[in-house]
Amino acid sequence: SAVLPAVTAYLGEQRKFVELQYTLMEEQRAAFAKARMNSIYIAGTVMLTMLVGMVVGGVFLVRSIVRPLNEAGQAAQRIGDGDLTTHVDTSRQDEIGEMLRAVATMRDSLRNVVSKVRESTDSIQVASSEVAQGNTDLSQRTEQAASSLQQTASALEELTGTVRQTADSARTASQLAA
């Protein structure tokens, strides 16, 4: 019976050891859960930071594309409205810069066409003035010629009247003499 107290003491120590193992296991489980939650928080924070970064980057990217496109559209609209003095920024070295350079080239070409049309219009105006002056001169000469023709016709009528009168007189004289 000396063994029974020793076995009881041994089993008591075994129970304490098992309880210690459960306590250590629970502490370790709590530490792992805490570490896992910390990992989840860190991963969530990193993902949220990346998401915010992507949104901010996307906004800046969209602005860097949309703003120059809007400026190009406004410049094209002003050129379309006839303002050929519109400034177009051609300093960009990307696709939008190429488009802006094309808009500037279009503006310059339109400016040249308008200049040539104005020169042609001026030439046409000068020619029209000369034609109008020529028409006025021709009209005056035509009126003078018509006046001269009327005077000539009048003189011919008088001459015809005189010739008739002379012919009548000659007939009368011829009849008297006969």
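Between the alpha-carbon centers of the range 107-154 and the range 10-48, tell me the distance in whole angstrom.
Here the two parts' Cα centres lie 108 Å apart.
Report the full-extension gain for the segment VAL131 to PHE32: residue separation times 0.36 nm, less the Cα-Cα distance, to one decimal in nm.
Roughly 25.2 nm would be gained on extension.
Heavy-atom accessible area of ARG111 with all protein chains present, probe 1.4 Å, nearest 10 Å²?
100 Å²
Pick from GLU119, GLU157, GLU71: which is most flexible by mean-square fluctuation in a GNM of the chain where alpha carbon atoms under 10 Å apart are linked?
It is GLU157.
Would you compute, for the Cα atoms of the range 69-116, the largest minus smallest coordinate along each principal axis and list the three values in descending order, in whole Å?
Reported extents, whole Å, longest axis first: 33, 16, 12.
Compute the Rg/Rh shape ratio of the chain: radius of gyration over Kirkwood radius, all on alpha-carbon atoms.
We get a ratio of 1.96 for the chain.
Using the Cβ atoms and a cut-off under 12 Å, what net charge is assigned to the surroundings of TYR22, where Lys and Arg are +1 and Asp and Glu are -1?
That works out to 0.
Evaluate the relative contact order of the range 76-178 (contact order divided by residue number), counting alpha-carbon pairs under 8 angstrom at least 6 apart; express in whole percent.
14 percent
What is the dipole size for the range 40-178, taken about its Cα centre, with +1 at each Lys and Arg Cβ and -1 at each Asp and Glu Cβ, in debye to the nearest 20? Provide the component values of the computation, followed by the final result.
Numbers: 12 positive and 16 negative charges, 80 e Å.
I would put it at about 380 debye.
Any chance you could give the angle, 0 to 90 degrees and rounded to 10, that helix 95-177 forms with the longest Cα principal axis of the chain?
10 degrees
For the chain, give the percent of accessible area contributed by carbon and sulfur heavy atoms, probe 1.4 Å, rounded to a whole number.
61 percent
Label-point separation (nm) for LEU20 and ALA177, each offset 7 Å from Cα along Cα-to-Cβ?
Roughly 18.7 nm, to one decimal.
Can you compute the label reach from ASP94? Point 7 Å from Cα along the Cβ direction, backbone N cut-off under 11 Å, restricted to the range 51-88.
60-69, by backbone N distance to the label point.
Quote to one decimal, in nm, the extra length available between LEU138 and SER120 on full extension: 0.36 nm per residue of separation minus the C-alpha distance between them.
On the way: separation 18, 0.36 × 18 = 6.48 nm, distance 2.61 nm.
Fully extending the segment from LEU138 to SER120 adds 3.9 nm.
Once you have the Cα-Cα distance between ALA145 and VAL59, take 0.36 nm times their residue separation minus that, and quote the gain in nm to one decimal.
22.5 nm
What percent do you get for the relative contact order of the chain when only Cα pairs under 8 Å and 6+ apart count?
10 percent
Before I look further, what does the chain give for accessible area per residue, probe 1.4 Å, in whole square angstrom? It would help to have the intermediate numbers written out before the result.
Details: 14530 Å² over 178 residues.
The answer is 82 Å² per residue.
What figure, in Å² to the nearest 10, do you get for the accessible area of PHE17 with a 1.4 Å probe and non-protein molecules left out?
For PHE17, solvent-accessible area is about 110 Å².
Within a Cβ distance under 13 Å of ASP83, other residues only, what is the Lys/Arg minus Asp/Glu net charge?
+2
The values are calculated or read from the model by the stated rules, or taken from the named source; none is laboratory data. As the structure is a prediction and not an experimental result, all values here were calculated from the model. For neighbour counting, all protein chains shown are included, and Cβ atoms are generated from backbone atoms with ideal geometry for every residue, glycine included. Remember, those area values only see protein heavy atoms, side chains included, never the ligands or the DNA or RNA. Shrake-Rupley method; radii C 1.70, N 1.55, O 1.52, S 1.80 Å.
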